[in-house]
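The values are calculated or read from the model by the stated rules, or taken from the named source; none is laboratory data. This is a predicted model, so every value here is computed, not measured. No Cβ is skipped: glycine too gets one built from the backbone with ideal geometry, and neighbour counts run over all protein chains shown. Surface areas here come from the heavy atoms of the whole protein model, side chains and all, with no ligands, DNA or RNA. Shrake-Rupley method; radii C 1.70, N 1.55, O 1.52, S 1.80 Å.
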Amino acid sequence: MKTKLIGQIVIGVLGVVSLAGCFSAALKDQMNIVPLYFDAGSGALSGKEAAFNVPASLVYDPILGFGWTSETPAEFFHDEWTASRTDFSIDGVQAPEIGWKSLLPDGKWWLTIWLDGGLEDSSTVSLSINGASEPVEFQYFLPHAEHGGLRPAPQKMYRIVQRLVDVSEGELSFQITGGRDEARLLGFSIIPDESAPANEDQEQVYEQLKQFMHYQDGYPIEEVLQSVEALSGNPANRNFKAYWKQQLEILQEAEMYFYYRGWSWATDRTGLSLFDHLHQSVMLFDAILNQPNASDNPLYERALWYRGRLLYWLWLERGGPGEGSNAKRDLTAMYQLYPENELVRMYNGEKIDNPDPFDNAEQGNAPDWAFYQWELSNRLKSVADWWVLEQQSENGEFGGKFGDDVEILRWWSPLILSGDETAYIGWKKLADGVWNSSRIKDGYAKNPSDVEHSSEFISDTAPLMVFFTDEKEYIERLKYSSDHFQNLWTGYNNNGDRFFKSAWFSSSEVEMEPPKNRDVAYNARATKAVRYYHWKTSDPSTRKALIEWADAWIGVSEDTQKGKPEWIVPPSVEFPSGVINGDEPTWYHANMFWDYFNWKGSAAILDQLLYTWTFTADAKYLEPIIQHLELVSRYKNQIYQSDNMSEKGSEPWAAYIIGNSSNFWNVVESWRLLTHDETYDELILKHGTPFIKYRITGNEQFLLDAMTPYLETVRYNEPMISTEAIHTDRVFITEPRGRQAGILQGMITGFGVDESASPYIAVNWEKASRDLTFLVNDSDSSSLELQIYSFSDEQEEVTMRIWQLEEGTYMLRKNSGGKVYEEEIEIEKRGQRFILTIESKQLVNIRINPVTQ
């Protein structure tokens, strides 16, 4: 029943009476004390029994019995938030300080306060109840890098604080004081404390709570709620029912947001993003857990287990200190309760080896490299199977939002390039889903944001599709990025050089307010699609623009502005002035909100220059790479130091950063394989990638040493990279140097490039069984040498696609168990296919060389 008459209340059989009258001495012993609900603001009234609208104008009146005790607050109404708010939480009041008083009978009452999220990711609001300070213990969330701690508009989440209050002088009062933001109150409830069971019906419900709210049972809360609702027939159950119904509804909503995550259907339903869903979930679990004696609550374990895992993944995603410390607090508490549970142990850092089909594989006569690769690739394919066959939706999503889902693909490329069909189906479905989603318009992100985030939709899904399929649609998708690169994102600066105008852009907008108006190394991620488009089509206008951009970066690398060492690629170049790092005093600290824009070697630009060399043959594009190697060589003894002790910005300081950059050595790997320049082999053998060390020396131990820690990642704690994963961009399966595909992709294709690199591979495979393993020993534009070993009991066929060999006539020689087979083949186009027959459990050597006239 609803009422809009302030000062009136519906109390069972007592009818409509004034609140002050209800609490008079004459009635206290005769009335049934009931739950009270106060909806702040003048919006629609909650449909709860004994509910009140309390507008901002309702000043405390002792005759009335309740009201605001602070200065008149302002009202707000979130008329655009109806998808995620109820009548109770859609509106409220706000002020620097909000005070309230209610006359109440003496006794214990549960006070539950709903607070709007406001502008702060980490609330600084304070609370006092009956004049005593009450710590609220709200979760700290790492603020957005571009907001400086205060959001430009209120967040859509809300927080709840609950306390058991002992009323001893006939009144309950509280005061909420804002900190960096105003206090924003949505409403509150005051429920008599009858939470302990007092009759047989309540005992049964309470036992159900204890039995089915166990942390791993996953028993539907709705069924327990039905049992609570069934108590309605007896007035003696009113307060017990009201309290537990409220607690279960809070828990139910918290779990709902936990599972909503980043699914687009959930965002469409609520209007909330992935992080909104997760933060809201934590805030609701806080309501149950952040109160004295919370461990006595039968909902405690279930809420603790959910919150601990949520905070763990939020910490893994962003590294926030509050998320990390509180995740450890919750998960440690769970370990103390259930030290034998394997999943609890995993979250507490233990390595658990669950039995799987790969544990007892037999090596037989297979070479070590093949046996290691077979286990590693099959374990990775098994994980990918779960994501594709169990988790992926029809629109391609994995549940972590499209912008994060695409990052899981960064370790999938060697799986598909080795011919795995399931991984390809999942990649293609996600690529198509992204392309057809509301996040994309005209072939790129619809809404402008920094390039690290705006580029990933396309750069992580579209370019490699031209390796995976010949469908022209996927080439045409890349053309959009080329057009934007030429006509929107870049321009000619005051010096006549082509640079990006900003690091914040979309398919239709470029944000140029400082410090966003700078070209950065990360923009090479947006041009990944441009490079692949040019590589596939040789489009002349794209070629011209890529050369102009490369020339601009060469020019600025030679510049020594602000003390920058010559040939070092700076982190940012202001547009249109051409000044390194704009108004910033140093050449190395970009200070562009996000730490990843600061100088860490700018390897992505070096790769862009290397790619430019591949189609121009102009050695000037290699000079910055060579000069970086020279610098590292000059200060090579300092690279081994545990800390960089040199003066920031100096040559030795820069050499230390470069020499310890895995991204730089990834580029060096590609440079060495493409140029065959042996000048720096000694340096590369000390610092380079394992695959380039193998290619230089032929020592297979480099391959085994690289795959061993990689295997350690996938042999243990498999749920942490599948069923338990919340942030799909944190499903890390990496080598020690941080690459997610390097050693496997190098062995399979001849180039172990990372996700941002250019199209360099020598070969890939199609229609391959999971029993085939590959090792490219040598490759260039005139020859290809590789090995294949099959673990199958049957003879296998596999399709080989050749990318690097120039057009011409070649002799293909196959040596299998001493039997030599020769065939003259014609290379007529890049990516040409050849079918090979691979004998069972034999090491097959393949050599392809030009036919000499």
If you go through TYR215, TYR243, the only one that is among the hydroxyl-bearing types (Ser, Thr, Tyr) and modelled with pLDDT under 95 is TYR215
Just one listed residue, out of ARG379, ARG345, ARG410, is within 18 Å of the chain's Cα centre (by Cα) and of a type in the set (Lys, Arg), and it is ARG410
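Residues checked against (1) modelled with pLDDT of 95 or more; (2) in a helix (DSSP H, G or I); (3) under 30 Å from TRP369 (Cα atoms):
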position: GLU669; (1), (2), (3): yes, yes, yes
position: LEU674; (1), (2), (3): yes, yes, yes
position: ASP677; (1), (2), (3): yes, no, yes
position: TYR710; (1), (2), (3): no, yes, yes
How many residues of region 688-708 are in a loop (DSSP other than H, G, I, E, B) and open to solvent by 40 Å² or more (accessible area, probe 1.4 Å)? The answer is 3
Residue pairs within 6 Å by beta carbon, gap of at least six or interchain, first lying in region 819-831 and at positive phi, second open to solvent by less than 80 Å² (accessible area, probe 1.4 Å) and of a type outside the set (D, E, K, R), listed first then second, are GLY831/TRP803
Log entry, pairs with first residue in region 177-198 being over 20 Å from TYR158 (Cα atoms) and of a type in the set (D, E, K, R), second being in a strand (DSSP E or B) and open to solvent by 10 Å² or more (accessible area, probe 1.4 Å), beta carbons closer than 8 Å, six or more apart or on different chains, reads ASP193/GLY107; ASP193/LYS108; ASP193/TRP110; ASP193/LEU164
Condition set open to solvent by 40 Å² or more (accessible area, probe 1.4 Å) and under 33 Å from the mean Cα position of the chain (by Cα), scope region 755-783, selection nearest to LEU812 (Cα to Cα): answer is LYS767
Here, helices (runs of 4 or more DSSP H) confined to region 339-415 with at least 1 residues that are aromatic (Phe, Trp, Tyr) and farther than 17 Å from SER792 by Cα are 342-347, 402-405
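Yes/no matrix, rows are residues, columns are (1) at pLDDT below 95; (2) on the phi > 0 side of the Ramachandran plot; (3) in a helix (DSSP H, G or I); (4) open to solvent by less than 50 Å² (accessible area, probe 1.4 Å):
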{"position": "GLU222", "(1), (2), (3), (4)": "yes, no, yes, no"}
{"position": "VAL228", "(1), (2), (3), (4)": "no, no, yes, yes"}
{"position": "ASN237", "(1), (2), (3), (4)": "no, no, yes, yes"}
{"position": "LEU251", "(1), (2), (3), (4)": "no, no, yes, yes"}
{"position": "TYR259", "(1), (2), (3), (4)": "no, no, yes, no"}
Filter region 634-687 for residues that are over 30 Å from the mean Cα position of the chain (by Cα), open to solvent by less than 70 Å² (accessible area, probe 1.4 Å) and among the hydroxyl-bearing types (Ser, Thr, Tyr); the one that is farthest from SER779 (Cα to Cα) is SER646
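It is to be established whether one or more residues within region 29-48 are of a type in the set (D, E, K, R), crowded, with 21+ Cβ neighbours inside 10 Å, under 39 Å from the mean Cα position of the chain (by Cα) and modelled with pLDDT of 55 or more.
Checked region 29-48: at least one residue is of a type in the set (D, E, K, R), crowded, with 21+ Cβ neighbours inside 10 Å, under 39 Å from the mean Cα position of the chain (by Cα) and modelled with pLDDT of 55 or more.
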By residue number, the members of region 421-456 that are open to solvent by less than 10 Å² (accessible area, probe 1.4 Å) and not small (Gly, Ala, Ser) are TRP427, LEU430, VAL434, TYR444, ASP450, VAL451, GLU456
* To do: Taking GLN627 as the residue in question, decide whether it is of a type in the set (S, T, N, Q) and within 28 Å of GLN804 (Cβ to Cβ).
  => yes
Checked against (1) farther than 22 Å from LEU115 by Cα; (2) in contact with a Leu (Cβ under 7 Å, 6 or more places away or on another chain); (3) open to solvent by 20 Å² or more (accessible area, probe 1.4 Å), SER295 satisfies every condition except (2)
Note on ASN447: of the conditions (1) outside any loop (DSSP other than H, G, I, E, B); (2) of a type outside the set (A, V, I, L, M); (3) farther than 26 Å from GLN745 by Cβ, unmet is (1)
The strands (runs of 3 or more DSSP E) lying wholly within region 54-169 that contain at least 1 residues that are open to solvent by 10 Å² or more (accessible area, probe 1.4 Å) are 74-77, 91-95, 97-103, 107-120, 126-129, 150-167
Here the residues within region 493-534 that are open to solvent by 30 Å² or more (accessible area, probe 1.4 Å) and hydrophobic (A, V, I, L, M, F, W, C) are VAL510, MET512
Among the residues in region 587-604, are any crowded, with 17+ Cβ neighbours inside 10 Å and over 28 Å from the mean Cα position of the chain (by Cα)?
yes
Taking region 784-813 and the residues there that are part of a loop (DSSP other than H, G, I, E, B) and open to solvent by less than 20 Å² (accessible area, probe 1.4 Å), the one that is farthest from GLY831 (Cα to Cα) would be SER792
A careful count of residues in region 557-581 that are open to solvent by less than 30 Å² (accessible area, probe 1.4 Å) and closer than 16 Å to GLY649 by Cα gives 10
Taking region 337-364 and keeping residues touching a Leu at 6+ places or on another chain (Cβ under 8 Å) and exposed (fewer than 10 other Cβ atoms within 10 Å of the Cβ) leaves none
So, first residue free of Cβ contacts under 8 Å to residues at least 12 places away in the same chain in region 123-139, second residue among the small types (Gly, Ala, Ser), Cβ within less than 9 Å, six or more apart or across chains; the pairs are SER133/SER126; PRO135/SER126
Counted residues in region 311-336 being open to solvent by 60 Å² or more (accessible area, probe 1.4 Å) and at pLDDT 95 or above come to 6
